[in-house]
Amino acid sequence: MKTRIHVYISGRVQGVFFRDFTSTEATFLGLAGWVKNLFDGRVEVLAEGEKEDLEKLLTKLKQGPPGARVKNVEVIWEDYLGEFHEFRITWY
């Protein structure tokens, strides 16, 4: 079943290659969407794909890359829209 997640990650998540880590993991899982840094220090992720693969991505996001310290992961499950064809890094 395809679905979509909107995720906000807080903690030490900027300046530690979190966006690159997320993009690599999402691409490996065959997901589409984007990741970006927010001005308030959080990282925002919007991803679409199979629910099982999104759950795997969430597990990775809760760990983060080496150097990250994830304090909180807020997840909003949304309806699949199919509006993305790849996963990319965006800026603000």
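None of the figures in this text is laboratory data; all of them are computed from the coordinates on show. All figures in this text were calculated on a predicted structure; none of them were measured in a lab. Quick reminder, even Gly has a Cβ in these numbers, built from the backbone with ideal geometry, and neighbours come from all protein chains shown.
Counting only aspartates and glutamates at least 8 places from residue 51 when in the same chain, those with an alpha carbon closer than 18 Å to its own are 25, 74, 78, 79, 83, 86.
Against the longest alpha carbon principal axis of the chain, how many degrees, from 0 to 90 and to the nearest 10, is the axis of helix 18-28 turned? Orientation of helix 18-28: about 30 degrees from the principal axis. Can you give the local net charge around residue 30? Use residues other than it whose beta-carbon is closer than 12 angstrom to its beta-carbon, Lys and Arg +1, Asp and Glu -1. That works out to -4. Between helix 51-63 and the chain there is an angle of about 0 degrees, using the helix long axis and the longest principal axis of the Cα atoms.
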